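One structure below.
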Amino acid sequence: MVVKKKAASKSKTSKTSTVKIDKDIIIRVCVGTGGLAAGSAEVIDAFYEELAKTGLKALVEKKCVNKTGCRGFCAKDVLVDVIINGDIATYQFIRPEMVSRIVDEHIKGDVPVREWLVGPDYHSFHERQTKILLKQCGQIDPENIEAYIEIGGYEGAKKALAWEPVDIIEEIKTSGIRGRGGAGFLTGLKWEFCRLSKDDPKYIICNADEGDPGAFMDRAIIEGNPHSVIEGMIIGALAIGCENGYVYIRAEYPLAVERLRMALEQARKKKFLGKNIFGSTFNFDIEIKLGAGAFVCGESTALMRSIEGKRGMPRPTPPRSVNKGLWNKPTALNNVETFANIPMIMTNGAAWYASFGNEKNKGTKVFALTGKVKNTGLIEVPLGISLKEIIYDIGGGVEKNRKLKAVQTGGPSGGCIPASHIDMPVDFDSLTRIGSMMGSGGMVVLDDTTCMVDVAKFFLTFTEHESCGKCPPCRIGTKRMLEILTRITEGKGKEGDMELLVELGIDIAHSSLCGLGQAAPNPVLSTIKYFYEEYDAHIRDGICPANVCKALRQYVVSTDLCKMCGKCFRVCPAGAISWEPKKKAAIDKLKCIKCGACFEACPFNSIV
Amino acid sequence: MSGEKLKITIDGIDILCEKGTTILNAARQAGVDIPTLCHDERLEPYGGCRLCIVQIKGVNRPLPACTTPVSSNMVVTTENEALTRMRKNVLELLLSNHPNDCMRCEQTGNCTLQDLAYRYGADGKIYEGEKWDLPIREDNPFITYEPNKCILCGRCVRICNEVVMAGTIDLVGRGFYAMPDTAFRKPRTLENCEFCGQCVSTCPTGALTDRKGRGKGRSYELKKVKTTCSYCGTGCNFYLNVKGDKVVKVTSAYDSPVSQGSLCIKGRYGYDFIHSPERIKTPLIRKGAEFVEATWDEALELIANKFKELIEKHGPDKVGGFSSSRCTNEENYLLAKWVRCAVGSNNVDNCARV
């Protein structure tokens, strides 16, 4: 599908090799981690090669191929935009060998290669979103500061320099923005507390230690628009009055680290960072600290200890970080997404920002939509949108049109929201009320083939593994919960196990030291709350209703579908299948070891 | 501390305490006993063991008493049904990964974990599951480490890093498998450890014990005799733990004004000489090529006569007194007095000055 922004191009170029092109041609290729993994670097090379080969040297010299960050729909990478005189045509699943045809037919011949263009799902995926933060991510070159300046970048910081710090804080408070890291504390208020704390020096930290499995919002922002984060930090530094900033970023994000380094270097060259930034009397610079892969270092106090070179373990609050944070000095710590929002609030005003979202939850939020949904990827929606809109309008509905069972939000700290609550608004307060949480923005769609006990076990396995070990409720409590869950999924569940899980879960939530421990039982508690009967079936009846837990599976031959081929009989290692030529197979439940070999071997799907 | 006084209420008792005090310290002032495993007065508050959690009026979540500073008119409840349940649960969890072999454990009778399990009725039978099964570590002459008994209160790690600043041990590993250990889990040697035994002194369980005292007596069988270390002039106090007529170990005296319980390798582990068969028990006087046992009177008389001779022959200025730092202040004073008054010389010195 071609989006016409203007009337169709009038010019028809001749197809000779000494091409003189009188069209304005821009090619955009996504170079986010998703794009690069799908081969976008090779696609860019192929474009330049092909353009040079076909006599379009002028375009090569003009560097018409622009790199852009992630635009969210990673499932369709490599995505390529060909923009001729403002008309955008987007191609999906592009490989280097497909480039010559695009150059030949589309760039030279003005006829897009229709079969490679994106379909309506691509457009509906984007059109239903409200992109203010990710708008530029898929459009500008993240490795070039000029591209960011061109779209009004660093104007917010310049504006902030002319303002009094209290006015900046007031503006941020008025915008109503709440921290995007998960807890949802009011950013303006945090900055105010930090500014008022009577100690010097102060520090500002950007938390880019995105550790939730399946979450990649922060990575996409840093990879796609690193300058927005830097600008947000400059504004924050002006507001609280500090000269030193840190970005704590996980080393597992090499591309984001590289882009951030590049961006910092460019900003320093432009005198946007360093001594006397923007020609003012204000000094501010940012240092990168690499995380070594501990999930707990995403917790603010553990993160600060890690920057100090100590073992990353949380400490109890109070005192809060705004009073005693990094090196025991007042510290404002915010998430990547929060900082990226700040420049927009400064340039467009608090009222503009507050026009998105609902009463207590302003602005938009980026989610990583994954799981059993048709369109997976990164989405940006106003807070307060319903789950239904996200899953069906943006996500295109449940994969294979199966039945929606639940939505898991907030990663390992969140919980499962049953399909019956699909109309609820997605915001900080509603999610917490229902026993889940916003978290950093992971959203996993689960269909009816999912076992909820298994889901709870999956997330708890992660938390148990990532516990720092400081306090017993988290260190041993999650271990014991996981052991109980494991025995339930293995068919060894006991009467009273669910009660024990709930009791232990509540105690862990109340007595753990840090937010990660306190939220660790959420996946278990929320699934027990909404899917009690599923746990019950595992324990009492010894069956897994979704047929996921291997030890509880029951294999039966569907006599309607069996074609009497005997393949299952031959692969069964336990001799549990009886079969004779021209007779249907049957499985002896007592002998069956549930290995699944017959299930795999049956060519007619007759074993269920 | 600003000296400003705040009024707070703990379990219905109104008390005045200094601003900046923690709830735990305020409660101790008021005589209220809040259980804790990870707290040691010598260390920075940690908030790790979650046993000292208390309910503060107006706060949803229970907070640890050891790290939370008091605030004006704070109303604190240190024990109620919910807190008791949570404490018992923490203990149950700890005991679910503990050998529970108190019968033969070195620390029986002197173990905070045991005391608290008794107080809250925890027996470690609620939760089944994996338990550590690690070998006892006796890779050095002084400290026995039984990892299975460790509850990860972090006190050994913190005292090693905050007080001794030796950095011998730190927490290694993550989650259920985290444990205090040396770098690369190497044996303790004089290269990486000072063997001051501070880690042993602060351990609230039987995970770290004095190897030399193991099996030599239960804590309640030992008579504790407070004394001053005779090794140097610092003058640390400690307790000699005596069973019958034998010194079986040395333990810290936390109220020592000199060292607040801290000791060095010599003070804590250098007591072998007391019962050494090679120990010299009487003065020896050289006769020809041999030393011959003598009484104190004989020896002192000999010394006195020799000094008298020397002073008469060469004058008092040729005599001086040089005392050892192993002597007490009183002994040093006496030596100076003797040199100045009895000998008549000003040549007095002590090795501590060198």
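We did not get these values from a lab; they are worked out from the coordinates using the rules stated. Please read these numbers as outputs of a predicted model, since none were measured by experiment. Neighbour counts are summed over all protein chains in view; Cβ atoms, including those assigned to glycine, are modelled from backbone coordinates with ideal geometry.
Taking 56 Å as R0, compute the FRET efficiency from the Cβ-Cβ separation of B:Cys232 and B:Lys131 and round it to 0.05. For R0 = 56 Å, the calculated efficiency reads 0.80. Rounded, prolate or oblate: pick one for the stretch A:101-152, where a ≥ b ≥ c are the square roots of the eigenvalues of its C-alpha gyration tensor, a/c under 1.5 means rounded, and failing that, prolate if a/b is larger than b/c, else oblate. Oblate, since a/c reaches 1.5 and b/c is not below a/b.
Reducing the stretch A:540-608 and the stretch B:145-164 to their Cα centroids gives an inter-centroid distance of 55 Å. Its residues counted as N, the stretch A:364-447 yields a C-alpha radius of gyration over 2.2 N^0.38 Å of 0.94. Sorting A:451-459, B:264-272 by average packing, meaning the other beta carbons within 10 Å per residue, from highest down gives A:451-459, B:264-272.
The calculated P(r) of chain A, using every Cα pair and 20 Å bins from 0, goes 18, 45, 29, 7, 0 in percent.
Which percent of the Cα-Cα distances in the stretch B:11-148 go past 28 Å? The proportion of pairs with Cα distances above 28 Å equals 28 percent. Across the cross-link table entries A:Lys135/A:Lys158; A:Lys374/A:Lys400; A:Lys289/A:Lys310; B:Lys281/B:Lys306, which are compared at the Cα atoms, the separations over 19 Å belong to A:Lys135/A:Lys158; B:Lys281/B:Lys306.
Averaged over peptide B:89-97, the number of partner chain Cβ atoms lying within 10 Å of each residue's Cβ comes to 6.
Modelled spin-label separation between B:Asp255 and B:Lys224, with each label point placed 7 Å from Cα along the Cα-to-Cβ direction: 1.0 nm.
Pairs of alpha carbons in the stretch B:5-79 separated by more than 19 Å make up 24% of all such pairs.
Taking the centroid of alpha carbons for each part, the stretch A:421-457 and the stretch A:89-130 are 35 Å apart. Mean partner shielding of peptide B:127-138, defined as the number of other chain Cβ atoms within 10 Å of each residue Cβ, is 2. For the protein assembly as shown, the mean residue ellipticity at 222 nm estimated from helices alone is -8500 deg cm²/dmol, where every DSSP H run of n ≥ 4 contributes -39500 (n - 2.57) and the total is divided by all residues, rounded to the nearest 500.
Each of A:Leu431, A:Met481, A:Cys451 was placed along the dipole of the stretch A:424-499 (beta-carbon charges, centred on the mean Cα), and the one lying farthest toward the positive end is A:Met481. Computed from phi, the 3J(HN,Hα) profile of the stretch B:299-313 under the Karplus parametrisation 6.51, -1.76, 1.60 (θ = phi - 60°) reads 5, 5, 5, 4, 4, 4, 4, 4, 4, 4, 4, 5, 5, 4, 6 Hz, with x in place of Gly and Pro.
At q = 0.10, 0.12 Å⁻¹ the log10 of I(q)/I(0) for the stretch A:145-354 amounts to -0.37, -0.54, computed by Debye summation with a single uniform scatterer per C-alpha, solvent ignored.
The distance separating the Cα centre of the stretch B:222-254 from that of the stretch B:287-354 comes to 29 Å. Taken along its three principal axes, the alpha carbon spread of the stretch B:260-354 comes to 48, 35, 20 Å, from the longest extent down to the shortest. This model, with +1 at the C-beta of Lys and Arg and -1 at the C-beta of Asp and Glu, gives chain B a dipole about its Cα centre of some 40 debye.
Shape of the stretch A:210-303 from the C-alpha gyration tensor: prolate (a/c of 1.5 or more and a/b above b/c, with a ≥ b ≥ c the square roots of its eigenvalues). Set the Cα radius of gyration of the stretch A:320-361 against 2.2 N^0.38 Å, with N its number of residues, and you get 1.53. Can you bin the stretch B:185-249 into rounded, prolate or oblate? Criterion: square roots of the alpha carbon gyration tensor eigenvalues sorted a ≥ b ≥ c, rounded for a/c under 1.5, prolate for a/b above b/c, oblate for the rest. Here the stretch B:185-249 falls in the oblate category. In the structure displayed, which of A:Lys271/A:Lys362; A:Lys529/A:Lys591; A:Lys63/A:Lys270; A:Lys492/B:Lys131 lie more than 27 Å apart, Cα to Cα? Violating the 27 Å Cα-Cα cut-off are A:Lys271/A:Lys362; A:Lys529/A:Lys591. Rounded to the nearest 20, the size of the Cβ-charge dipole of the stretch B:225-322 about its Cα centre is 360 debye, with Lys and Arg at +1 and Asp and Glu at -1.
Under a model in which nothing but the beta-carbon of Lys, Arg (+1) and Asp, Glu (-1) is charged, chain A shows a dipole of about 760 debye around its Cα centre. In the protein assembly as shown, a dipole from Cβ-located charges (positive for Lys and Arg, negative for Asp and Glu) runs towards its positive end, and of A:Ile286, A:Ala267, A:Ala368 it is A:Ala368 whose Cα lies farthest in that direction.
Rg of the Cα atoms in the stretch A:500-608, relative to 2.2 N^0.38 Å, amounts to 1.55.
Each of the peptides A:234-240, B:217-223, A:388-394 was scored by the mean count of other Cβ atoms within 10 Å over its residues; in descending order, highest first, they stand as A:234-240, A:388-394, B:217-223. Peptide A:512-524 has a mean of 1 when you count, residue by residue, the C-beta atoms of other protein chains within 10 Å of its C-beta. For A:Arg315, the amide hydrogen comes within under 5 Å of the amide hydrogens of A:Thr301, A:Ala302, counting only partners 5 or more places away or on other chains and with H modelled in the peptide plane. Computed packing ranks the peptides A:328-341, B:283-296 as A:328-341, B:283-296, most packed first, by mean other Cβ atoms within 10 Å.
For the stretch B:120-275, the alpha-carbon coordinates run over 49, 36, 27 Å along the three principal axes, in decreasing order.
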